[in-house]
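The values are calculated or read from the model by the stated rules, or taken from the named source; none is laboratory data. Since this is a predicted model, take the numbers as computed values, not measurements. Please note: Cβ atoms are built from the backbone with ideal geometry, for glycine as well, and neighbour counts cover all protein chains shown.
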Amino acid sequence: MNGRGWVVLAVAVLLAVSGSVYLSTARRALPLPSFRDQICSLPADWLERTRRGYFPGRSGEVAVLPRTPAYVASAAGGWTHTGPWPYLQDVPLVFYGPGVLQDVGESPRPVTLADVAPTFARLMGAEFEAPDGRPLREVRGGKPALIVTIVWDGGGWNVLNRWPDAWPVLAALAQSGISFTRATVGSSPSVTPPVHTTLGTGAFPWTHGISDISVRDEAGRVVDSFERGASARFIEVPTLAEVWDGQSQQRAKVGMIGYEPWHLGMIGKGTEQPGGDRDDAAWLDVETNEWITDADRYNLPPSLNATVGLAEDIEQLDGADGRIDGSWRDKAILDDPARIEETPAFIAYHMRAAMNMIAGEGYGSDGVTDLLFMNFKQPDRTGHYFNMESEEVRDSIAAADEQLGVLTEFLDRRVGIGRWLLVITADHGQQPDAGDVQGYAIDPNELQDDIEAEFGRVVRAVWPTQIFLDHEALRDRRVSVADVARFVGDYRLIDNTRRPDFVIAGAGRFGPQDRLFEMSVPAGALRTERC
C-alpha cells in the first residue's frame, strides 16, 4: 500500500499525535507553482549550481530539489550529500607552497573548484583554456616541480566546523599559504564523480558530462558514470593532465591514488584519450586492500603494493582503547578486510604508499611539472555509516590532518624545499541527521512506489536531485515527463511513508500536508527557462 492508502488511518493518528483536527484528507487548496515559478523562485546561486549540474541526455528526466531541511535519503537508508545548499557546497581550498607562492593570506572572494585546473596551468606554463573556471589571481609564484592535490572526501566546512580541533595542520598550512574562505563546489549534484572531474577539467558537469554517480549511456541505460570497469569515456572535455601530457611530449608524470574509479576524473581517460598514455592510476580492491587499476588504460606503480605496515597500523588503532579485540570505537570492523579502508589505520598506510610512489617513480625530479592527485575517502565513508556527528568522522579528519604534516616534511626532503605545491580541498560537505536539524529524510523507495502506483512502472531510478524515467514505459502509458514532475511537486510528507503515525511524530518542521519538494520540473526546463 502506498502513502495515500494510509490517509484515513492518518486522520485518527493525527488526532493523537499532533493534536490537529483535519476535517478532510484532500490536498490543501494551494496551487502547485508552474515549472517556471519553481525554477525562478530558487535563490540565484542554488539555481546556478543546479543548472551547471545538468547535462542533456545523461541527467535524469525530472530535476528535483527537496524543501530544506528535508533531503532524499539513500535507497539503503542513511545520509546523502547532494544539493546546491551552502552546507554541502562550502569547501576548504588551501594552496601551500613555501618558496613557490609569492603571497600568503586569506581571500574572501567567491571561487569554485572549476578554478583549480586553470590556476595550475598558469603556474606550470601550460596552454590550457578551462571551459568554466578561471585562474585564481591570488595564486602567483614560480613553477613547481610537483603539484600534489589532496581531496578530503566529505571534508566540507560544515564537517570541519563541527570538529574544529581535529585539523590543526590544515589550519597552519592555511595561515602559511593561501586560503580561499568562500570556495564552493560550484555545481549540484555535489557528489564524488562530477566534482573530481571538475577539479581535473576546469569545467562543470554541464560541460564535462559527468553529471552524477549514475548517467544515461548511448543506449538509454542508467549506468555508473565511470562504468565500474574504470572507463572514463563519458568525460566530454580534456583534463589539464591530458593537455599537459601532450604539451610535455609525455615527459610529465601524472598520477591518481584514490579509492574507486570515480576519482579518475582528476586525470582523465589514460589511453582511451587519443594520443594519451598510461598514466599512473590506482584504486582499491576492498576485499584484499590491494591497489588495482585497468592495465589497458593506466599504469599501476609496483611501489604502491610494495608498501608495508598496514597490519601494524591496524593493530595500533585496535589497541588505542587498551584492548586488542578487532574494534575501533566499539565497532567490530578491524577483522573485516572489506572495511579496513574506512578506518584511520588506512589513512597512514595510504600516505606511505603515496610517498613510496613519489620516490619510486621520480615525481618532482626534473624541470617538468608533475601532477599527483589523491582522494582520502574515510571522512565520507564514516559519514555515510555513522553520520557527521560521530566521533568516527572526527577520527578520520584528525588522521588525514596528521598525514598532511608527514607529507610536507617528506616533500621537503625528497623533492626539495621550494619545488612543490600542495593543494587541499574537499568535494562536498555532509548531511546532518534529520533529527539534528528538525528535518525529514525522504524515502526514495517509497517515492518510487508512489509514482508507479500513480503511473505504472515508469521509473528507472530515484536519485537525491533527479529521477530517471523509462521512456518506453512513458510512451506505452501515455504519461509525460511533465505529468511525473507535477506529481512529485505536489508530493506531501504524509504520502512518503507506510507509517503516518511514525512519520508525523518525527518529521521536525514538516506538517503532514507540507510539500516535500521545492522544485520538481522536467529537467530540460533548467536550460530553457530564463528568470
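Checked against the criteria, ASP313 does not count as among the acidic types (Asp, Glu), surrounded by fewer than 22 Cβ atoms within 10 Å (Cβ to Cβ) and in a loop (DSSP other than H, G, I, E, B).
Does PHE204 qualify as being modelled with pLDDT of 95 or more, more than 12 Å from the chain's Cα centre (by Cα) and more than 25 Å from ARG122 (Cα to Cα)?
Details: modelled with pLDDT of 95 or more: yes; more than 12 Å from the chain's Cα centre (by Cα): yes; more than 25 Å from ARG122 (Cα to Cα): no.
Spelling it out, it is not the case that PHE204 is modelled with pLDDT of 95 or more, more than 12 Å from the chain's Cα centre (by Cα) and more than 25 Å from ARG122 (Cα to Cα).
Summed over segment 434-449, the residues that are at pLDDT 95 or above and over 12 Å from LEU493 (Cα atoms) give a count of 4.
Is it the case that segment 167-179 has a residue that's within 25 Å of THR465 (Cβ to Cβ) and modelled with pLDDT of 95 or more? I'd like the intermediate steps shown before the answer.
Narrowing segment 167-179 to residues within 25 Å of THR465 (Cβ to Cβ): none.
Among the residues of segment 167-179, not one is within 25 Å of THR465 (Cβ to Cβ) and modelled with pLDDT of 95 or more, which makes the answer no.
If the condition is being within 16 Å of GLU242 (Cα to Cα) and surrounded by 19 or more Cβ atoms within 10 Å (Cβ to Cβ), then segment 130-145 contributes only ALA130.
Counting only strands (runs of 3 or more DSSP E) wholly contained in segment 156-227, the ones carrying 3 or more residues that are farther than 19 Å from ILE424 by Cα and touching a residue at least 60 places away in the same chain (Cβ under 8 Å) occupy 214-216.
Return yes when GLY383 is surrounded by 23 or more Cβ atoms within 10 Å (Cβ to Cβ) and farther than 20 Å from PRO66 by Cα and no when it is not.
Considered against the rule, which asks whether it is surrounded by 23 or more Cβ atoms within 10 Å (Cβ to Cβ) and farther than 20 Å from PRO66 by Cα, GLY383 comes out as yes.
Only helices (runs of 4 or more DSSP H) whose full extent lies in segment 380-477 are considered here, and the ones with at least 3 residues that are without any contact (Cβ under 8 Å) to a residue 40 or more places away in the chain and assigned by TED's automatic domain parsing to the domain that holds VAL521 are 444-455, 471-477.
If you scan segment 59-70, which residues turn out to be more than 14 Å from ILE467 (Cβ to Cβ) and crowded, with 20+ Cβ neighbours inside 10 Å? Write out each step before concluding.
Applying the first criterion (more than 14 Å from ILE467 (Cβ to Cβ)) to segment 59-70 yields 67-70.
Of everything in segment 59-70, just one residue is more than 14 Å from ILE467 (Cβ to Cβ) and crowded, with 20+ Cβ neighbours inside 10 Å, namely ALA70.
If you go through segment 250-282 and keep only what is more than 17 Å from MET355 (Cβ to Cβ), surrounded by 24 or more Cβ atoms within 10 Å (Cβ to Cβ) and hydrophobic (A, V, I, L, M, F, W, C), you end up with VAL254, TRP262, LEU264, MET266, ILE267, ALA281. The residue that is nearest to PRO33 (Cα to Cα), among those in segment 455-499 that are over 25 Å from the mean Cα position of the chain (by Cα) and among the small types (Gly, Ala, Ser), is GLY489. Scanning segment 50-79 for residues that are in a loop (DSSP other than H, G, I, E, B), at pLDDT 95 or above and closer than 28 Å to GLU236 by Cβ gives GLY53, TYR54, PHE55, PRO56, GLY57, ARG58, SER59, GLY60, GLU61. For segment 194-217, filtered to residues that are surrounded by fewer than 24 Cβ atoms within 10 Å (Cβ to Cβ) and in contact with a Pro (Cβ under 8 Å, 6 or more places away or on another chain), the residue that is nearest to VAL111 (Cα to Cα) is THR207.
For ASP318, state whether it is under 21 Å from ARG381 (Cα atoms), over 27 Å from the mean Cα position of the chain (by Cα) and buried (at least 18 other Cβ atoms within 10 Å of the Cβ). Yes: the conditions hold for ASP318. Checking TRP157 against (1) more than 24 Å from PRO344 (Cβ to Cβ); (2) among the aromatic types (Phe, Trp, Tyr); (3) under 21 Å from the mean Cα position of the chain (by Cα): exactly one of these is not met. Which one? Just one mismatch for TRP157, condition (1).
Could you say whether any residue in segment 251-264 is part of a loop (DSSP other than H, G, I, E, B), in contact (Cβ under 8 Å) with a residue 24 or more places away in the chain and not assigned by TED's automatic domain parsing to the domain that holds PRO205?
We begin by selecting, within segment 251-264, every residue part of a loop (DSSP other than H, G, I, E, B); these are 251-253, 258-260.
Keeping just the survivors that are in contact (Cβ under 8 Å) with a residue 24 or more places away in the chain gives 251-253, 258-260.
Still in the list and also not assigned by TED's automatic domain parsing to the domain that holds PRO205: none.
So far as segment 251-264 goes, no, none of its residues is part of a loop (DSSP other than H, G, I, E, B), in contact (Cβ under 8 Å) with a residue 24 or more places away in the chain and not assigned by TED's automatic domain parsing to the domain that holds PRO205.
Based on this model, can you work out whether VAL368 counts as modelled with pLDDT of 95 or more and in a loop (DSSP other than H, G, I, E, B)? When the stated conditions are applied, VAL368 passes them. Inside segment 80-103, residues that are touching a helix residue (DSSP H, G or I) at 6+ places or on another chain (Cβ under 6 Å) and not in a strand (DSSP E or B) make up a count of 3. Restricting ASN289, ASN375, ASN356 to those that are touching a strand residue (DSSP E or B) at 6+ places or on another chain (Cβ under 8 Å) and either without any contact (Cβ under 8 Å) to a residue 60 or more places away in the chain or buried (at least 19 other Cβ atoms within 10 Å of the Cβ) (or both) reduces the list to ASN375. Among the residues of segment 311-321, is any among the polar types (S, T, N, Q), closer than 25 Å to ILE358 by Cβ and in contact (Cβ under 8 Å) with a residue 60 or more places away in the chain? Among the residues of segment 311-321, not one is among the polar types (S, T, N, Q), closer than 25 Å to ILE358 by Cβ and in contact (Cβ under 8 Å) with a residue 60 or more places away in the chain, which makes the answer no. Candidates in segment 109-129 are the residues that are in contact with a strand residue (DSSP E or B) (Cβ under 8 Å, 6 or more places away or on another chain) and not in a helix (DSSP H, G or I); of these, the one that is surrounded by the most Cβ atoms within 10 Å (Cβ to Cβ) is THR112.
Scan segment 226-236 for residues that are modelled with pLDDT of 95 or more and either in contact with a Pro (Cβ under 6 Å, 6 or more places away or on another chain) or among the basic types (Lys, Arg) (or both) and report the count. It would help to see each step written out before you state the result.
Residues of segment 226-236 modelled with pLDDT of 95 or more: 234-236.
Those left that are additionally either in contact with a Pro (Cβ under 6 Å, 6 or more places away or on another chain) or among the basic types (Lys, Arg) (or both): none.
Residues in segment 226-236 being modelled with pLDDT of 95 or more and either in contact with a Pro (Cβ under 6 Å, 6 or more places away or on another chain) or among the basic types (Lys, Arg) (or both): 0 in total.
Mind listing just one residue for me: the one in segment 228-241 that is among the small types (Gly, Ala, Ser) and not in a helix (DSSP H, G or I) and, of those, nearest to PRO118 (Cα to Cα)?
Residue satisfying both the conditions and the ranking: ALA232.
Residue count for segment 130-155, restricted to those that are touching a residue at least 60 places away in the same chain (Cβ under 8 Å), more than 14 Å from TRP420 (Cβ to Cβ) and part of a loop (DSSP other than H, G, I, E, B): 7. Among the criteria (1) in contact with a helix residue (DSSP H, G or I) (Cβ under 7 Å, 6 or more places away or on another chain); (2) surrounded by 20 or more Cβ atoms within 10 Å (Cβ to Cβ); (3) closer than 24 Å to LEU411 by Cα; (4) not small (Gly, Ala, Ser), the one GLU342 does not fulfil is (3).
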